[in-house]
1. Which ones in the range 139-167 are out of contact with any Lys or Arg (no Cβ under 9 Å at 6 or more places or on another chain), at pLDDT 95 or above and among the charged types (D, E, K, R)?
2. Among 268, 214, which is the only one that is assigned to a strand (DSSP E or B) and either at pLDDT below 95 or not hydroxyl-bearing (Ser, Thr, Tyr) (or both)?
3. Residue 213 versus (1) touching a Leu at 6+ places or on another chain (Cβ under 7 Å); (2) within 23 Å of residue 410 (Cβ to Cβ); (3) open to solvent by less than 50 Å² (accessible area, probe 1.4 Å): which is the lone unmet condition?
4. Looking only at residues in the range 163-183 that are of a type outside the set (Lys, Arg) and surrounded by fewer than 16 Cβ atoms within 10 Å (Cβ to Cβ), which one is farthest from residue 254 (Cα to Cα)?
5. Where the second residue is in a strand (DSSP E or B) and not aliphatic (A, V, I, L, M) and the first is open to solvent by less than 60 Å² (accessible area, probe 1.4 Å) and modelled with pLDDT of 95 or more and lies in the range 281-296, which pairs have Cβ atoms under 7 Å and are six or more apart or on separate chains?
6. Are there any pairs, at least 6 apart or on different chains, whose C-beta atoms fall under 8 Å, with the first in the range 152-167 and over 18 Å from residue 203 (Cβ atoms) and the second open to solvent by 60 Å² or more (accessible area, probe 1.4 Å) and of a type in the set (Val, Ile, Thr), and if so, which?
7. Please specify each residue of the range 397-432 satisfying the condition of being in a loop (DSSP other than H, G, I, E, B) and either open to solvent by 70 Å² or more (accessible area, probe 1.4 Å) or closer than 15 Å to residue 203 by Cα (or both).
8. Please enumerate the residues belonging to the range 238-264 that are among the hydrophobic types (A, V, I, L, M, F, W, C), out of contact with any Pro (no Cβ under 7 Å at 6 or more places or on another chain) and open to solvent by less than 30 Å² (accessible area, probe 1.4 Å).
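The values are calculated or read from the model by the stated rules, or taken from the named source; none is laboratory data. Computed from a prediction, not measured in an experiment: that's the story for all the values here. Don't worry about glycine lacking a Cβ; one is built from the backbone with ideal geometry, like all the others, and counts go over all protein chains shown. Remember, those area values only see protein heavy atoms, side chains included, never the ligands or the DNA or RNA. Shrake-Rupley method; radii C 1.70, N 1.55, O 1.52, S 1.80 Å.
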Amino acid sequence: MRQKMLSAGFALALVGGLAVGCGDGGGSGGDANEISIVMSNHPWQKAIEPLIGEFEKSSGVKVNVQTFAEQQARDKISLTLQSRSSSMDVFMTLPSREGLQFAKAGYYAPLDDYMSKSGSYDAADFPAAVKTGMTIQDKTIAAPVNVEGVVLFYNKDLFAQYGVTPPKTLDELPTVAAEIKRKSAGKVTPIALRGQSAALPFTFGPFLHSQGLEWTKPDGTPNFDTPAAADVINRYATLARDFGPPGVANNTFTQSSALFAAGNAAMELESSNEIGSVNDPKTSKVSGKIGVLDFPAGSAGSKSTVLNWGIAMSSYSKHKDAAWKFIEWATGKATQLKLTEGGIAPPRTSVAQDKSYTDTLTTDTLKEWAAALANVQTSGSTEVGPVGVAAPEMRKVVGEAVGKVILGQSDADTAAKEIQTGLTPLLAKNAG
């Protein structure tokens, strides 16, 4: 029987108990054909779980699933790995966040040998950007389960009503936002975007990369001591402060998509993954009225952020062969094609081009969404934030500094200096 534990209290109690009871690297050995998986509450998780019974029947491997809210899943996974417990065989991971930290700690069982020995897996089917996002120190640490990136959603009806042309560049973006604000007399929010510190780097990063900048210099030190970095901060903060919704400094994708789906925002700068939320005819007032554009181009072109969740094998698993069978099935071509029916954007090239999938992209919105997503995979950056063992802390440094400019508590030059100073000791940990 699969377990799905969603209670916050129960989840945290379970995590706490694991930390105390499994410090010796123990855990139930169990049957060699039985594995345990820890997953984050996520669209991919919702789509894959109903299919697991098919895998169990065909493989003879029993799968025990535990699902938690994202932060609780992260706590559960981290403590299980820290205690070297064999009670978890496979887990969802976000390499752009914890990848380097987990790799340095030896938590991932590399998948390269498994992939190369599989006659049907075809790891070359994943685009370069996707493979890069799953590779650390020349080792494949996870198999990709989805692909998403920052795109620009816009309300076609509102743009037609106000006679405004959708922006294609970063220079045009604030101009268009100002025009919407003026023509709607302030009744419509020109653009919904992230302002919450921990979430902001995902949508801020494309501004940086599209202007030809990286988070760090070649020597691994911060790259915010340049006028160009301050310019990027000013662009983002001005857009959020002058044309974003009230309370934007506290917003993440949840608030942005709710505002856009309600028809109260003309544009939304957000993950392509949000297409299911904003285009659902059951819950969205703008379903069928949405345009989807590439991230607006800067001086270096359109360089969105590529984000891939993956599933990894614990290095402490005692059932690695069975764990690989699940990973091979879950990220194989046949399963990923089935997952497209649940709205999961396929990270495999062959699946993205499969006629049975492309034939489902019947509306202009879905065709534009697929095209933008394809461009994300081709030209996007896998660096959601500064890369390192202290990734969560570094994203917070960036988010808080930019947030102060959004709130009018600081200016872009001061924020750039704050980021430079705050990132320096955190990036230095990478050499440890």
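1. 139 - this is the single residue of the range 139-167 that is out of contact with any Lys or Arg (no Cβ under 9 Å at 6 or more places or on another chain), at pLDDT 95 or above and among the charged types (D, E, K, R).
2. Values: 214 fails: assigned to a strand (DSSP E or B).
Matching residue, one of 268, 214: 268.
3. Only one criterion is unmet by residue 213, namely (1).
4. So, considering only residues that are of a type outside the set (Lys, Arg) and surrounded by fewer than 16 Cβ atoms within 10 Å (Cβ to Cβ), the one farthest from residue 254 (Cα to Cα) is 163.
5. Once the first residue is open to solvent by less than 60 Å² (accessible area, probe 1.4 Å) and modelled with pLDDT of 95 or more and sits in the range 281-296, its partners that are in a strand (DSSP E or B) and not aliphatic (A, V, I, L, M) give 286/155; 290/153; 290/155; 291/154; 292/153; 293/154; 296/169.
6. Filtered contacts from the range 152-167: 159/165.
7. First, pick out the residues of the range 397-432 that are in a loop (DSSP other than H, G, I, E, B): 407-411, 432.
Selection gives 407, 409, 411, 432.
8. 240, 248, 249, 260, 261
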